[in-house]
Protein chains: 2
Amino acid sequence: MTIKYLLDNNFKPSLYKKGDVIYEPGAYPRAVYFIKSGKVRMVTVNDDGKEFIQGIFKANEYFGEPALLVNKSYLAYTIATQDSEIIVVKGEDFLKMLKEHPDFSMKLIQTLSHRLFYKSMMLEELANEHAEHRIRTLIAYLFKDVEHSQELKVTRQQLADMSGLRVETVIRIIKKLSDQKELKLLRGKIIRI
Amino acid sequence: MTIKYLLDNNFKPSLYKKGDVIYEPGAYPRAVYFIKSGKVRMVTVNDDGKEFIQGIFKANEYFGEPALLVNKSYLAYTIATQDSEIIVVKGEDFLKMLKEHPDFSMKLIQTLSHRLFYKSMMLEELANEHAEHRIRTLIAYLFKDVEHSQELKVTRQQLADMSGLRVETVIRIIKKLSDQKELKLLRGKIIRI
DNA sequence: GTTAATTTATGATCCAGATCATACTTAAAT
DNA sequence: ATTTAAGTATGATCTGGATCATAAATTAAC
């Protein structure tokens, strides 16, 4: 796995504290970021300060390549949502990795394809579907890595920031879905049935 | 360029007539589609029949790889918007191309990165911005390959289908932008100032 | 274990943009 | 050159979800 490869090749992780900004919009990309431990959120923020969550990245994932590869400045903030160890791989080293390891290159293509899938799905939702449908789709998507009768580790605010809705709306819809037995609520937590 | 490579290697284009459906949602991906000539639109359609334009592809571009590479069925329809010659490259052949031509692999990574950029930008718009802002951003994006005082070859309906708005709303906003001299209207056509 | 900060909850009001309806203009088809 | 279809235009009404306000329940911090 890639992180191990990097550590074996003497790349050192940097420490980011919860809340630290890793990069911000407008900055010129110089590196790709591999998460050894921790979690980050990638968000765009509009003029009113409203956040939209473009993605959440956790241990063993990486982020920041698209901007680097197309040589455009970042669109989003990336912020550590908990203390994290992140290996910052300089652009040139990343390109070398791609060149020298076709299997990694292939993996990257698949990763990018997955992200495109998610974004296409959400675009369709935001463009055409009403609040309830959006939340249903989003929850179904998030439930896919959650066991039965386990909880979703996501707040209503985060669901709002992923779906383009407001917290109050999300809260009302979750309640409704719970009434319709599509999910369970346990002390506020959303539980997969 | 890739199309030339394919033709030189004896891949033959298929003909699709205007309106022909190249693939549809749910179908299992078996190929990647290279456009020799013509144009296609990729659209998702919701239960009410409302379309959302996920992308427009023209000569020398290709489409359909993400679904193939992550091995998931298609989300969208792809429809020829004019008579088109399209080289249908079977999955295995496409994978072979990727393996044998690292430069192509690199190009693909960049292409996917570009598409991600566009989708991230539009997600932010659909999630957080009002109609006028969305249309401004979208038009600015489309104007980037349009000369000064040249027209945008896009209808109001298409702008609506790319922005998640309704035609009437787009028409009203375009009119307003024209009043504000942000663009010119010539017999209905949108002209870059 | 107590205080502070998040998160969840719920009602009341408001408004941007959807929807409906109808007409005009431009481009395409025959 | 006409008919037909597609696209643009504009007013009137309606509505889903935003916004505002206020409080209760959890969780985190000290």
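Structural remarks
- Only residues that are part of a loop (DSSP other than H, G, I, E, B) and either near DNA strand C (Cβ under 10 Å from one of its atoms) or out of contact with any strand residue (DSSP E or B) (no Cβ under 9 Å at 6 or more places or on another chain) (or both) were counted across region A:154-193, and they come to 9.
- Scanning region A:120-140 for residues that are touching a residue at least 40 places away in the same chain (Cβ under 8 Å) and either surrounded by 19 or more Cβ atoms within 10 Å (Cβ to Cβ) or not in a helix (DSSP H, G or I) (or both) turns up A:Met122, A:Ile135, A:Ile139.
- Hey, B:Tyr28 open to solvent by 40 Å² or more (accessible area, probe 1.4 Å), of a type in the set (Phe, Trp, Tyr) and within 14 Å of chain A (Cβ to nearest Cβ) or not: no
- Tally of residues being within 9 Å of chain A (Cβ to nearest Cβ), under 19 Å from B:Tyr118 (Cβ atoms) and open to solvent by 20 Å² or more (accessible area, probe 1.4 Å) across region B:43-65: 1
- Residue check for A:Lys144: away from DNA strand C (no atom under 11 Å from the Cβ) and away from chain B (no Cβ under 11 Å): yes
- Listed by first and then second residue, the pairs with beta-carbon distance under 7 Å, at least 6 apart or on different chains, first residue in region B:91-105 and touching a residue at least 60 places away in the same chain (Cβ under 8 Å) and away from chain A (no Cβ under 12 Å), second open to solvent by 60 Å² or more (accessible area, probe 1.4 Å) and not in a helix (DSSP H, G or I), are B:Gly91/B:Arg30.
- Among the numbered conditions (1) modelled with pLDDT under 95; (2) away from DNA strand D (no atom under 14 Å from the Cβ); (3) not hydrophobic (A, V, I, L, M, F, W, C), the only one that B:Glu124 does not meet is (1).
- Residues that are among the small types (Gly, Ala, Ser) and assigned to a loop (DSSP other than H, G, I, E, B) within region A:46-95 comprise A:Gly49, A:Ala59, A:Gly64, A:Ser73, A:Ala76, listed in sequence order.
- Test: residue in region B:141-153 that is in a helix (DSSP H, G or I) and farther than 26 Å from A:Ala67 by Cα: no
- Taken together, the residues in region A:76-97 that are in contact with a helix residue (DSSP H, G or I) (Cβ under 7 Å, 6 or more places away or on another chain) and surrounded by fewer than 17 Cβ atoms within 10 Å (Cβ to Cβ) amount to 1.
- Selection within region A:149-190 - open to solvent by 70 Å² or more (accessible area, probe 1.4 Å), away from DNA strand D (no atom under 12 Å from the Cβ) and touching a Lys or Arg at 6+ places or on another chain (Cβ under 7 Å): A:Ser149, A:Gln150
The values are calculated or read from the model by the stated rules, or taken from the named source; none is laboratory data. In this text the structure is predicted, and so the values were computed from the model without any measurement. Don't worry about glycine lacking a Cβ; one is built from the backbone with ideal geometry, like all the others, and counts go over all protein chains shown. Each accessible area value is taken on the protein alone, full model and side chains, heavy atoms only, with ligands, DNA and RNA left out. Shrake-Rupley method; radii C 1.70, N 1.55, O 1.52, S 1.80 Å.
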